[in-house]
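Scroll down for the structure; my scribbles are underneath it.
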There are 2 protein chains.
Amino acid sequence: MTTHVCLTARALGASGVIIANTPDKEVESSVREVSKRFGGTFQIESGPEWRHVIRNWKNGGGKVVHLTAYGMPLPKIIDEIQAVTENLLVVVGSEKMPGEMFKLADWNISITSQPMSEVGALAVFLDWYHSHSEFDLSFPGSEMQIIPSKDSKTVKPITQFVK
Amino acid sequence: MTTHVCLTARALGASGVIIANTPDKEVESSVREVSKRFGGTFQIESGPEWRHVIRNWKNGGGKVVHLTAYGMPLPKIIDEIQAVTENLLVVVGSEKMPGEMFKLADWNISITSQPMSEVGALAVFLDWYHSHSEFDLSFPGSEMQIIPSKDSKTVKPITQFVK
């Protein structure tokens, strides 16, 4: 599940992910391996306590979005979020998210006001946030590249010359 | 993971889900419970062999989309998919998807040509397929309804009178 959150975040243009509370070196290394192979500068860390992460983020001038079925519908709020110039932290979690999170977030935002996967919610949020143009993102420094195909798996190795 | 696929499919307007190969009564009943509480007519079944599902679907005149990092980019193909009048089966799976699936699908479609969660891919696909208007879907017959809120969990019980 955590890996799915990370891969979704990376593919849809997030700069990185912080896995709160639970150190998970296995997920860290598998996501780093993906970045090494497929490029980009996605950052990952795991372990810090969640309140600490949010406090730090806000102290650094950042803003916090919490994705939850109970929040305000994305279409009503997306313009406001896209206009944010500060760094944005998007918080997703399980059903067991503490109620306190609702007060700490600058925005509580819902994808459909229905019970929803946090991975699905994150995907839709990032897609909207990037105005549906994340297909044009580049992931520099990759060892291989997927070549879109109608009917097969086509991967091209990238030869990189380092002086 | 399977539950996340189901909840994403339901929230984003799919009519139902077929979990191939592995009967899973637990996921079936938890998803049915969500539909009972939050409404709608989402169908779920589990167990049938995957080739059998696809063959049946095609024999019934339906079309098949396979979401895979290796497919054609969604933006290039979404108009074609939205114009399909036949029933649409969207296939998602893990990395271990058999190569045969690429040939059986009418379209192999990628969300970003990067390693990606199938839940995230499904979410973006359905959002685009519904022209980003799935926030207006209704889920009739619910026992409760989430009332969008800026900073709290607000759920309204729905009293239904049955003659």
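The values are calculated or read from the model by the stated rules, or taken from the named source; none is laboratory data. What you are looking at is a predicted structure, and each value in this text was computed from that prediction instead of being measured. Positions of Cβ are backbone-derived with ideal geometry, glycine not excepted, and every protein chain shown enters the neighbour counts. These accessible areas exclude ligands, DNA and RNA; they are computed on the full protein's heavy atoms, side chains included. Shrake-Rupley method; radii C 1.70, N 1.55, O 1.52, S 1.80 Å.
Only four residue types carry charge here, +1 at the Cβ of Lys and Arg and -1 at the Cβ of Asp and Glu. Report the dipole size of chain B about the Cα centre in Debye, rounded to the nearest 20.
Approximately 320 debye in magnitude.
How many Å² of accessible area per residue for the protein assembly as shown, probe 1.4 Å?
Numbers: 16710 Å² over 326 residues.
Heavy-atom SASA per residue in the protein assembly as shown reads 51 Å².
Between A:V64, A:V34, A:T3, whose Cα lies farthest towards the positive end of the dipole of chain A when Lys and Arg beta carbons carry +1 and Asp and Glu beta carbons carry -1, centred on the Cα centre?
Value: A:V34.
Over the Cα atoms, compute the radius of gyration (one decimal) and Dmax (the largest Cα-Cα distance, rounded to a whole number) for the protein assembly as shown, in Å.
20.0, 80
In degrees, nearest 10, range 0 to 90: what is the angle between the Cα axis of helix B:50-59 and the longest Cα principal axis of chain B?
Relative to chain B, helix B:50-59 is tipped by roughly 90 degrees.
Can you list, shortest first and in nm, the gaps between the label point of A:P148 and those of its counterparts in the other copies, using a point 7 Å from Cα in the C-beta direction?
3.1
Quick one: of B:K58/B:K103; B:K25/B:K103; B:K76/B:K96; A:K153/B:K58, which pairs are farther than 19 Å apart, Cα to Cα?
B:K25/B:K103; B:K76/B:K96; A:K153/B:K58
Run lengths n ≥ 4 of DSSP H only: what is the helix-derived mean residue ellipticity at 222 nm for the protein assembly as shown, with -39500 (n - 2.57) per run over all residues, to the nearest 500?
-11000 deg cm²/dmol
Given Cβ point charges of +1 (Lys, Arg) and -1 (Asp, Glu) and nothing else, what value in debye, to the nearest 20, does the dipole of the protein assembly as shown about its Cα centre take?
160
Going by accessible area, probe 1.4 Å, with all protein chains left in place, what is the ranking of B:K76, B:K156, largest first?
In descending accessible area the options line up as B:K76, B:K156.
What are the residues whose amide H is under 5 Å from the amide H of B:Y70, where those residues sit 5 or more places off or on another chain and H is modelled from the backbone?
The answer is none.
What stretch of chain A, leaving out the sites themselves, is the longest with no GluC sites (Glu not before Pro) in a DSSP loop having at most 11 other Cβ atoms within 10 Å?
Details: sites that count: A:E49, A:E95.
So the longest stretch without any such site is A:96-163.
Using a Debye calculation, one point per C-alpha and no hydration shell, please list log10 I(q)/I(0) for chain B at q = 0.09, 0.12, 0.17 Å⁻¹ in order.
-0.33, -0.59, -1.10
Measure nothing fancy, just the Cα-based angle from helix B:118-129's long axis to the longest principal axis of chain B, in degrees from 0 to 90, nearest 10.
For helix B:118-129, the angle is close to 80 degrees.
Using a 1.4 Å probe on the protein heavy atoms only, what accessible surface does A:I158 show? Give it in Å² to the nearest 10.
60
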